[in-house]
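Inspection log for the structure reproduced underneath, given as structure tokens.
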Amino acid sequence: MTIRIIVAGVTYRQRDGYPLTKLAFDGAGMDRCGLKDWMSHRGDRGRVSPAFWTEGEATGHFMSKSDFLGPLFDVAPGQSAYGGPEAVTTLVQGGVSIRLARPRDPDRLLDDPLVLDWNRRDDYMPYWAYLWPGAYLLAEAVARESWPKWSDELRAPLALEIGCGLGLAGLVAVARGLRVQFTDYDQAPLKYVARSAAENGFEPERFSMRRLDWRSPPDERFSIILGADVIYEARLVPLVAALLAQLLTPDGVGLIASPYRVAAEAFPRALASRGLTCRPTTATSYTEDGRFIEGTVYRVGRTAV
């Protein structure tokens, strides 16, 4: 079958269920989430009903590029796209070896038309594609943490990693016996997390993935919350503190890692104002190219930790 989308008078076609990579938009490759997924999230609010997917030919008319792209972010889960070379590298953190799938040339995302549009709308940046210092610091801390031993790993507590990006710390947590739910504002990194989990031979029951907007947290609680380099800007500090206050169980613990950043200095106060306590400890690690890094791991809880 043929899916036909008309934007500002220009026709783009999608055949046989191929994703939008088969389209061209302003001369740039458009590697996006599948049209079927997008339409299924829009439902009858969209100009094209998802019912068209079953048979025949469907046509959607949009007056402009922003008219077409806007609902992709406002209604469907957010997703950037990377279409360049990829790599799988082996990292050792605290004695735990992890095979990590990742983009080889993440800078190409910075010129992606959809990323630029998303940035204008929501100040979004594709930071997920890079391995930041906080990821090494948190992975090291998770690897060296004295986690309890569980006779049945499928009964191990479910940890939540917020802003997981490539998910290095969460992958180390799975290797250490935890179950982990990986979350990010952008769905794109989650496919790399899934690939990394497969590269490491992790059972599917040991991990899950979902998109999470910190401004709309779920009505759930977690006994372990992990976050690496999630307080790198002042505006994120109260947001992360509020998220921890809402999602952390009464006896739970949060491990939030950050290199030395000015914004992070306000984090303990933001936690205290929400009834949380934290114990900052100095953390060190090495990047994959051997560079020494130092920062802080904030151990967060509702009682003295």
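All conditions in (1) crowded, with 22+ Cβ neighbours inside 10 Å; (2) part of a helix (DSSP H, G or I); (3) touching a helix residue (DSSP H, G or I) at 6+ places or on another chain (Cβ under 8 Å); (4) not hydroxyl-bearing (Ser, Thr, Tyr) hold for Val230, with the sole exception of (2).
Residues in region 253-276 that are under 22 Å from Ala139 (Cα atoms) and either not in a loop (DSSP other than H, G, I, E, B) or not assigned by TED's automatic domain parsing to the domain that holds Ile224 (or both): Val253, Gly254, Leu255, Ile256, Ala257, Ser258, Pro259, Ala263, Ala264, Glu265, Phe267, Pro268. On the basis of being in contact with an Asp or Glu (Cβ under 6 Å, 6 or more places away or on another chain), among the small types (Gly, Ala, Ser) and more than 20 Å from Val92 (Cβ to Cβ), does Ala263 make the cut? In short, yes. Within region 142-166, the set of residues being in a helix (DSSP H, G or I) and surrounded by 24 or more Cβ atoms within 10 Å (Cβ to Cβ) comprises Val142 only.
The condition of being surrounded by fewer than 24 Cβ atoms within 10 Å (Cβ to Cβ), under 15 Å from the mean Cα position of the chain (by Cα) and not small (Gly, Ala, Ser) holds for only one of Arg211, Arg176, that being Arg211.
Count of region 281-305 residues, restricted to those that are under 18 Å from Ala169 (Cα atoms) and not in a loop (DSSP other than H, G, I, E, B), is 15. The C-beta contact set for region 179-203 (first residue of a type in the set (D, E, K, R), second residue assigned to a helix (DSSP H, G or I), distance under 7 angstrom, 6+ apart or interchain) comprises Arg179/Arg206; Asp184/Trp128; Asp184/Leu190; Asp186/Trp128.
Residues in region 248-296 that are of a type in the set (D, E, K, R) and farther than 24 Å from Phe222 by Cβ: Arg261, Glu265, Glu288, Asp289, Arg291, Glu294. Under the condition of being more than 19 Å from Leu131 (Cα to Cα) and surrounded by 24 or more Cβ atoms within 10 Å (Cβ to Cβ), the residues counted in region 242-263 number 2. I'm trying to understand the selection: among the residues of region 269-292, which are within 17 Å of Gly227 (Cα to Cα) and surrounded by fewer than 19 Cβ atoms within 10 Å (Cβ to Cβ)? Correct list: Thr277, Arg279, Pro280, Thr281, Thr282, Thr284. Taking each residue of region 284-302 that is over 22 Å from Ile98 (Cα atoms) and looking for partners that are of a type outside the set (Ser, Thr, Tyr) and assigned to a loop (DSSP other than H, G, I, E, B) with beta-carbon atoms closer than 8 Å, six or more apart or interchain, yields Arg299/Val305; Val300/Leu276; Gly301/Leu276; Arg302/Gly275; Arg302/Leu276. Hey, can you tell me all the residues within region 167-200 that are in contact with a strand residue (DSSP E or B) (Cβ under 9 Å, 6 or more places away or on another chain), part of a loop (DSSP other than H, G, I, E, B) and not basic (Lys, Arg)? Across region 167-200, the qualifying residues are Gly167, Leu178, Tyr185, Asp186, Gln187, Asn200.
The values are calculated or read from the model by the stated rules, or taken from the named source; none is laboratory data. What you see is a predicted model, and the numbers here were worked out from it, not measured in a lab. Glycine gets a Cβ as well: all are built from the backbone with ideal geometry, and neighbour counts include every protein chain shown.
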